[in-house]
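In what follows, a single structure is set out as structure tokens and then discussed.
The values are calculated or read from the model by the stated rules, or taken from the named source; none is laboratory data. It should be emphasised that the depicted structure is a prediction, and the values quoted were computed from it without experimental measurement. Backbone-built Cβ (ideal geometry, glycine too); neighbour counts: all protein chains shown. Remember, those area values only see protein heavy atoms, side chains included, never the ligands or the DNA or RNA. Shrake-Rupley method; radii C 1.70, N 1.55, O 1.52, S 1.80 Å.
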Amino acid sequence: MAAPKVAVVGAGVIGLSTALCIAETCPGCSVTVLSEQFSPNTTSDVAAGMLIPHTYPGTPIHVQKQWFKETFAYLFAISNSAEASEAGIHLVSGWQVFKNTPKEELPFWSDVVLGFRPMSKAELQKFPQHRFGQAFTTLKCDCPPYLLWLEKRLKATGVQMYTRKVADLWELHSEYNGVVNCAGIGARQLVGDEKLFPIRGQVLKVHAPWVKNFIRDGDGLTYIYPGIHRVTLGGTREKESWSLSPDPGTTKDIFDRCCTLEPSLRGAQDIEVKVGLRPSRQHVRLQREVLSQGGVQLPVVHNYGHGAGGFSVHRGTAKEAARLVGECIAALQGSSSRAKL
Amino acid sequence: MRVAIIGAGVIGLSTALCIHEQYHSLVPSLEMEVYADRYTPHTTSDGAAGLWQPYLSDHGNLQETLWNKETFDYLLGHLGSPAAKEMGLFLISGYNLFTQPVPDPSWKNIVLGFRNLTPKELELFPGYSYGWFNTALMLECRSYLPWLTNKLTQRGVKFFHKKVESFQEMFAQGMDVVINCTGVRAGELQPDPELQPGRGQVIKVLAPWVKHFIITHDIESGIYNSPYVIPGSEFTVLGGIYQHGNWNEENSTQDHKTIWENCCRLLPALQKAKIVEEWSGLRPARPWVRLERETVRHGHFQAEVIHNYGHGGFGITIHWGCAMAAARLFGSILQEKKLASPPQPRL
């Protein structure tokens, strides 16, 4: 069998990082990225890209922790290199504050981020409405820079990228030996997954370069994440809302909530409003499947449904997806006499 | 009551404001004037990155530690106010790095969240085996000095662009009290062998991805002679030069090389940073701050000088505590004048 041809559908952080992992682990493969949208128009571009994991109810904690650890280690190395600014990766310290003491005082990821500890009384004085808090240092992946950097790395390894709306994975069966589905929220339509639903998030991206620390309310609804050029202010979590249009009332509400946490934001300039649909699921769909029609088979690896936690686990799930692709290819090569090219 | 402040750096302007705020209602005749040969953005204060951080050791000088604390608490109180942005005031977290364990600093309970670095964090800084993390404040003088100037102008304080040659010159003009905030050139008004320049040089770059300050320490070379990176609201300041006794305000190519190479080794990502400006300045170094009254004979009269200079590389860090101490000295001068018999005639 000639070089196995793998198509990755989707060019957000999941699609691009998965394509890169496949190119890294399977140098003999020919990898192509197909996506309706590329940066700056993906869901990933709206996200702040903070490495603070979302907990998936349906995935064992040790697996989530492994994904996060791998992602953190990978980005930590980049942040410490000359490529950091191009890749958009940087360290940021700050506080997660709670109005009521959380049930779990130590989240599963507390020993992966840096310097995790409870906030002191003096630190909490800055947040009069909050009674408890955690201080730590973590990483942030700014988009578009990170996606553009991934695209550059992909091109350097010979991966091709095309703008193309894939309506049905089967349409790829004649051109590719295997397909990786990183379509994010698009998987709802692409593979008809009713368990996947959007959680709409509206954010503001503002110019406030004096904000150097992140602040996050433990309820996950209000957050301030300083990026390289802009600070992301959030947010909302609207289940089952498909609207991509910014809502002005929501904008004012987000701004007010963030100014309550950080009064100096009143002086923020240049407010841009963005909306993204978190591709949410009880657990990330990370598994193999074989589609077949009329004796022809098309192996598929699914890697979607990362919801609010895509950036936090992207490298870990990409590596797992690449491993599954490796299994598919091995299976194909084992039965290459029956595989159709 | 005519008061002249000589010097318009962070010390001069803050002392002026502190005194005016406290006494203008008590002394209706208070007329305040500021004299300086350099104003923002050309003062020594303007070159500083603006990080609140005292030296590692206070050498038992508890008074200075107290002034540092008063300054920190005063600024912290202003953080939530609408003035913060205009003042150039914001919170910032960061790292102090050492090649060996050191005792905790006098200011560990003044800053927020002081702790030692974890082994994982130290991996970020090869060559350093010990360190601290804490959250402190930035006060950028290119915003703070104009803010102080505005407040003073609103209060009717007058400004004069003039190099004052002697205290006598001020008294001859009718000043009752002169506040000497002349920083590194105080020796020109009154010789002071304890006052020496601590020359520094910095490179300002665009590196907006840097969100933490990083100050390294080399016990052998001494304070500020080891690389540091301090991100401001617009530029990031790279430094690490402290030359005692060097009066040269010109940028040195050798120092540029030292700063650039050392900082890029510390933070490889800086190699991609765009250099915007280079600046040299003279820290007004003294074994301790000179903050005291002096009665100066002037013909038949006596006039008062309040000295407030010699804040080395921690002027911003200590400024408000010193301003308040200077204001207290001013208060004691007022007390004495009230107790004195009929007001002395002017020349």
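If each of A:THR55 and A:ASN100 carries a label point 7 Å out from its Cα toward its Cβ, how far apart are those two points in nm? Result for the modelled spin labels: 1.5 nm. Per-residue mean of foreign Cβ neighbours for B:262-273 is 3 (Cβ atoms of other chains, 10 Å radius). Basic side chains Lys and Arg get +1 at the Cβ, acidic Asp and Glu get -1 at the Cβ, and with that the dipole of the stretch B:256-347 about its Cα centre reaches some 40 debye. Whole-Hz Karplus values for the stretch A:143-149 come out as 10, x, x, 5, 5, 5, 5 Hz, taken residue by residue from phi with 6.51 cos²θ - 1.76 cosθ + 1.60 and θ = phi - 60°; glycine and proline positions read x.
Rounded to whole numbers, the Karplus 3J(HN,Hα) couplings from phi for the stretch B:261-266 are 5, 5, 5, 5, 6, 5 Hz, using 6.51 cos²θ - 1.76 cosθ + 1.60 with θ = phi - 60°, and x at Gly and Pro. Per residue, the accessible area of the stretch A:5-335 comes to 39 Å², computed with a 1.4 Å probe over protein heavy atoms only.
Under a 5 Å amide H cut-off, with hydrogens placed 1.01 Å from N, B:GLU31 pairs with B:ARG2, B:VAL3 among residues at least 5 apart or on other chains. Computed from the C-beta positions of B:LYS337 and B:ARG297, the FRET efficiency with R₀ = 22 Å rounds to 0.85. Take every Cα pair under 8 Å whose residues are at least 6 apart in sequence, average their separation, divide by the length of chain A, and the relative contact order is 25 percent. Got a number for carbon plus sulfur as a percent of the stretch A:5-335's accessible area, 1.4 Å probe? About 52 percent, which is the carbon plus sulfur part of the accessible surface. The charge dipole of the stretch A:5-335, taken about its Cα centre with unit charges on the Cβ of Lys, Arg, Asp and Glu (plus for the first two, minus for the last two), comes to roughly 560 debye. Other protein chain C-beta atoms within 10 Å of residue C-beta, averaged over B:102-113: 2. Across the stretch B:134-150, rounded Karplus estimates of 3J(HN,Hα) from the backbone phi angles (6.51 cos²θ - 1.76 cosθ + 1.60, θ = phi - 60°) give 7, 10, 10, 10, 10, 9, 7, 5, 5, 9, 5, 5, x, 5, 4, 4, 4 Hz, Gly and Pro being marked x. Surface burial for A against B, with a 1.4 Å probe and both sides summed, reaches about 2800 Å² of accessible area. Under 5 Å between amide hydrogens, built in the peptide plane, is the criterion, and for B:LEU51 it picks out B:LEU139 among residues at least 5 positions away or on other chains. For chain A, A:CYS21, A:CYS141, A:CYS143, A:CYS182, A:CYS258, A:CYS259, A:CYS328 stand unpaired, since no other cysteine beta carbon lies under 4.7 Å from theirs. Annotation: B:SER29 carries an accessible surface of approximately 60 Å², with a 1.4 Å probe and no ligand, DNA or RNA atoms counted.
Shielding of peptide B:76-87 by partners, expressed as the average count of other chain Cβ atoms within 10 Å per residue Cβ, is 3.
Within 10 Å, count the other beta carbons around each residue, average over each peptide in B:285-292, B:238-245, and list them highest first. Please list the in-between numbers first.
Details: B:285-292: 17.9, B:238-245: 20.5.
Going from most to least packed, we get B:238-245, B:285-292.
When the helices of chain B are scored as -39500 (n - 2.57) per DSSP H run of n ≥ 4 and the total is divided over every residue, the value at 222 nm lands at -9000 deg cm²/dmol. On the beta carbon distance between B:GLU123 and B:GLU194, with R0 = 35 Å, the FRET formula returns roughly 0.25. Among A:286-294, A:174-182, the peptide with the highest mean count of other Cβ atoms within 10 Å heads the list, and the full ranking is A:174-182, A:286-294. Computed over neighbours whose Cβ is under 10 Å from that of A:TYR304, the net charge equals +2, Lys and Arg +1, Asp and Glu -1. Taking label points 7 Å from Cα along the Cα-to-Cβ direction, B:GLU250 and B:LEU26 give a separation of 5.0 nm.
Ligands, DNA and RNA aside, A:THR42 has an accessible area near 20 Å² when probed at 1.4 Å.
Which pairs break 31 Å Cα to Cα here: A:LYS69/A:LYS205; A:LYS126/B:LYS257; B:LYS85/B:LYS274? From the list (A:LYS69/A:LYS205; A:LYS126/B:LYS257; B:LYS85/B:LYS274), the Cα-Cα distance tops 31 Å for A:LYS126/B:LYS257.
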